[in-house]
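Below: one structure, written as structure tokens.
The values are calculated or read from the model by the stated rules, or taken from the named source; none is laboratory data. Everything quoted here is computed from the prediction, not taken from an experiment. Using ideal geometry, Cβ is built from the backbone for each residue, glycine included, and neighbour counts are taken over all protein chains shown. Note: accessible area is taken over every heavy atom of the protein model, side chains too, but ligands, DNA and RNA are not part of it. Shrake-Rupley method; radii C 1.70, N 1.55, O 1.52, S 1.80 Å.
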Amino acid sequence: MKARLKRTGGDTLEFKDVGHRGEPLLVVDDLHTSFRTGRGTVRAVDGVSLTVDEGKTLGVVGESGSGKTVLSRSIMGLLPPRDVIKSGTVRFAGHDLTAMDPVQLRQVWGAELSMIFQDPMTALNPVKRIGVQITESLRLHLGMDRSEATATAIELLRSVGIPSPEQRIRWYPFQLSGGMRQRVMIAIALACSPRLVMADEPTTGLDVTVQAQILDLLAELQRERHMAVILVTHDLGVVATRADDIVVMYAGRIVEQAPTKTLFKETRMPYTQALMDSIPRLSDPSGIRLHAIAGRPPDLIHPPKGCRFAPRCPYAQDKCHQSEPPLRTAGSPDHLFACWFPLVNGVSTAPGMSSGSSVFGVSGGSGTPGESADASTASDQVPPAPWSLADTPIDPDAGLEPS
Amino acid sequence: MPDDRELSDTRSGGRLLGDQVPGLAAVDELVVSRQSETLDSDDVLARKPFGFLFWFACGWVGLVVLAAVLANVLPLPNPNFQNYNALNAPPNMHHLLGTDDLGRDLLSRLIFGARVSLVVGFVSVAFGMLIGGTLGLISGYKGGRLDVALNAGSFVLLAFPAIVAVIAIVAFWGQSLFKITVILGVAVVPLLFRVVRASSLSFANRDFVIAARTMGATSARIVFREILPNVVPVAITFGLITVAGVIVIEGTLAFLGLSVALPTPSWGNLIAEGTSNGALSTNVYIMLWPVISMFLLLLSINLIGDRLRQRFDIREGLL
Amino acid sequence: MAKYLLRRLIQLVVVAFIISVLVFLLVHLLPGDPAAQILGANDTAHNRAVLNKQLGLNLPLWHQYIFWLKGVLHGNLGQSYLNHTPVTQVISTGWPIDLELIIISQVIAFAVAIPLALITSRRPNRPVDNISTTATFGMLALPPFVIAPIMVAVFAVGLHWFPATGYIPFTQNPATNLHDMILPSLAITAGSIAVYYRLFRSDLISTLQEDFVTMARSKGLSPRWIMWRHAFRPSSFSLLAAAGVNIGALIAGTFIVEFLFAIPGLGYSLVQAVNQRDYLVVQGITLVVAVAYVVIQFLIDFLFTVVDPRVTRE
């Protein structure tokens, strides 16, 4: 009856030599995840494909409700089996995670692939000492004995910047500050030196000043350990300087995907543009209103026909409401976007949309469709095109939430 | 001042446990966690129909109440009339449920016995709700010294094991329907006070209450127009469950011969009669009918309370 | 920790004090002359003088209380006016029986409720879960005075597995004692099982949906380890609280079964004393049971500090 900390059953999986073959560490192919609910089937992740190379950082960006958290849990295979429909494949280090049984998955979780949760207050067990929560995985996956694991845990706590770890190891989560807790969480996730860490909004619950520290810590540890990181966030500012590639999600789908620099320079998708606009900038005049995206993400039980962003898109044409744009490239092959009338230099290619002014910023000023006409912003005098990136670079540290 | 108290404290289990008696804290939390207002719940599941069992339970409670109310009008023999021609008779045409060892009609005794359980159960809870509920409503909204004092008082009173206190008072004060009802009514005051207070407290800082306050509404108006309607579902649900609890205590007293004096029948003393002096081996019906009726009554009240709690979205917890 | 327990201890003393005042005042609920009431048929001028002296009934009220409390603290609760047994002796022979009943029933209740909840909470709404949940809902409607007669009718009168009445002290014959205690204990167990099972199950289900359980899964820990080492303790707080509150119902239950099975515990003595108007015995037993109840609550608070580190350190 007693539970034991030992790997049980099945053969030990081999995870070596993927990098040498030049294969990406993680290949997600056409992943779908739906939930059966009382009202109908919610298609939270709807055909997502992406790759992550060893040691690289992928940023996954989207509003809340865009499916990014479900995506990260689907990739890991952490979703409960009941009332969840999944399809597609997830290849991690040469193994298909979606084909693994629970016993095999448990060899991967924590050891090769681990997760940093959004809220360390709820994700750390409130009645277990933090030391125990770290040593658990060390003993399980690396077969350490108690004292060895404790020594390693102290080193881990030191490496994530927790002062006097010898004492803190006996503390409970509620005795630590929010930032400290998140450091502990990172220590737990990195304990067995995984190759890929999923960080799901790792800094959302923290003070702005602590956010940057935690992200820098994560980046530093990533460099040292040569890990890949998937950084899931709603805040483009967070990933702007830290991600190698960025995936923008909307309503369960990828709407734009590119190397970070390209994404910011050659934004194609109006939604991405809108996300960028919602980052406040130091160069904004004082008293300016934050740019919000009007409307709400669509109902994922009955997603709109055509482009899912169309109901909120200021440039939407009839075509956008009729048929769904495929994820396609233009110019560089690693830049994908799903838009019938992509932006070029911040200007929509939709017919009748040749003026250079930002529709998100000064809605109502230039015959914008009523959908985005936010009465409160209409009266504000906003200089045109605050999103022309050439003159006003993104300030990634101004990581405030979009209102 | 309600602003002094943070609801989040009441919500977080750990903090709360540190401050008060744990068992009662759980009751508080149970009530406070009734967070979603009736209006904005767009969850279809919360509106599922009550179901057959619920209406069956209502039917049984209604039948028992009706029979007890109409006991004098119904064509029943006197519950204390001893028919020496039919001692220990099994159920038959003349005595639908049979007779006991003194030839008294069991159906009649059952129906007259229901009166005691129901009167004690509902009247004492109504009394307790009037006193405890009103105090709780005001105390929860107003806060301040009054609240602290009442709160402490309720803890002290609830520190007594109810049954022992009730037996002791009955022993010294005497046993009659009126006295039993008063004693149990007083006994449930602190419990209902806590339930209503916790609920009132959870609404005291809601936006609509603050809005009413900023618009200059008087405290009385806020308490009775804004808070009371929101507290009523919780009060009804818990009141009902308390009725079941009081009926159990009265039944226990009656079983021990400490409730209404014999020969007045009550379900508790009917069960005791049916189990004493070898009655179990000679005539099991004396015990069987009140046992079944009591079981069904408690089951029905619990079921109704449970369904109401689901409907009103009150979290299941310690009851 | 020490500070927390000290605060609790002070609360305990205050509540015990209030209990003692209220129990003391019970005698004054008696109509007319308490001494005459207490003595009843034994009422002679001599007896009344003795009682007046013993209770200090001619003194002012607060003085009487101090007089009485002094006696109580010295182990003097007066004596029965029927057979002149000291009340303390009635209590000292009675309480081990109540304790035995409560311990047996609680061991059974936890042994049934906890494993059942652990099994059903992992897969809610399966047949096993639905059956247990429905069955325990029914058990909630079976207070001891309803289920005990049924058990006697079936297992004692019908099947002759157990005696219908009778009690032999544990010290005299442990085997017979335990055998005789099974039926009474089971009769007061049904409610406990139902309460504990339902509470623990629903707490486990909500704990298993917590982030920290997902986190534990993401570390690759086995379901069994997660259940025992991560979910069990955080789910047990309300169970512990319920066990404390439930003691009140258990006391009522022991009274019922002692009355029914003629087991000479405190409840049996109490009911007899009430029926015979033996007021000082009633007063003494009331005081002892009420104080014991409060002390048990205190011990459960202490257990909370062991189970939940947040209680004392926050």
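Some points to look at:
- In degrees, nearest ten, helix C:174-208 long axis to first principal axis of chain C (Cα): 50 degrees
- Taking a point 7 Å out from the Cα of B:ARG145 in the direction of its Cβ, none of the residues of region B:181-218 has a backbone N less than 14 Å from it.
- Accessible carbon and sulfur surface of region A:153-241 relative to its total accessible area, %, 1.4 Å: 49 percent
- Equivalent-ellipsoid semi-axes of region A:4-247, from the Cα gyration tensor, Å, largest first: 27, 22, 19
- Alpha-carbon centroid distance for the pair region C:128-198 / region C:216-273, whole angstrom: 15 Å
- Computed helical MRE - 222 nm, chain C, DSSP H runs ≥ 4 contributing -39500 (n - 2.57), nearest 500: -24000 deg cm²/dmol
- Accessible heavy-atom area order of A:SER278, B:SER176, highest first, probe of 1.4 Å: B:SER176, A:SER278
- Separation of region A:198-238 from region B:196-271 is 51 Å, based on Cα centroids.
- Inter-site label distance for B:MET215 and B:VAL232 at 7 Å from Cα along Cβ, in nm: 1.9 nm
- When the charge dipole of region C:87-275 is built from unit charges on Cβ atoms (+1 for Lys and Arg, -1 for Asp and Glu) and taken about the Cα centre, the candidate among C:THR165, C:ALA243, C:ILE147 whose Cα reaches farthest toward its positive end is C:ALA243.
- Computed on protein heavy atoms with a 1.4 Å probe, the accessible areas place A:THR69, C:THR207, B:THR218 in the order B:THR218, A:THR69, C:THR207, largest first.
- Members of region C:201-218 that become less accessible by 40 Å² or more once partner protein chains are added (1.4 angstrom probe, chain alone as reference): C:ASP211, C:PHE212, C:THR214, C:MET215, C:ARG217, C:SER218
- Efficiency of FRET from Cβ geometry, A:ASP299 and B:ASN78, R₀ 56 Å, rounded to 0.05: 0.25
- FRET efficiency, B:ASP207 to B:PHE50 (Cβ-Cβ, R0 25 Å, nearest 0.05): 0.20
- Accessible area per residue was computed with a 1.4 Å probe on protein heavy atoms; B:GLU226 scores about 60 Å².
- Probe 1.4 Å, all protein chains present, accessible-area order of B:LEU74, A:LEU142, largest first: A:LEU142, B:LEU74
- Computed accessible area, C:PHE212, all protein chains, 1.4 angstrom probe, square angstrom: 10 Å²
- Taking trypsin sites (Lys or Arg not before Pro) across region C:160-224, none is in a DSSP loop with at most 15 further Cβ atoms lying within 10 angstrom of its Cβ.
- Nearest 10 degrees, 0 to 90: helix C:237-261 Cα axis against chain C principal axis: 50 degrees
- Loss of accessible area when A meets C, both sides summed, Å² nearest 100, probe 1.4 Å: 2900 Å²
- Accessible area expressed per residue, region B:90-129, with surrounding protein chains retained (probe 1.4 Å, Å²): 37 Å²
- Helix C:2-26 vs. chain C, principal-axis angle (Cα, 0 to 90°, nearest 10): 40 degrees
- Here the dipole of region C:87-275 is about 900 debye; that uses its Cα centre as origin and unit charges on the Cβ of Lys and Arg (positive) and Asp and Glu (negative).
- From the C-alpha gyration tensor of region C:108-210, square roots of 5λ in Å: 32, 15, 10
- Pairs with C-alpha atoms separated by more than 29 Å, drawn from the list A:LYS68/A:LYS305; A:LYS128/C:LYS3; A:LYS86/A:LYS128, are A:LYS86/A:LYS128.
- Pairwise FRET efficiency - A:ALA330 versus A:SER283, Cβ, R0 = 41 Å, nearest 0.05: 0.90
- Taking only the alpha carbons of region A:144-292, we obtain Rg and Dmax values of 18.2, 59 Å in that order.
- Summary value for region C:78-217: 35 percent relative contact order, contacts being C-alpha pairs under 8 angstrom separated by 6+ residues.
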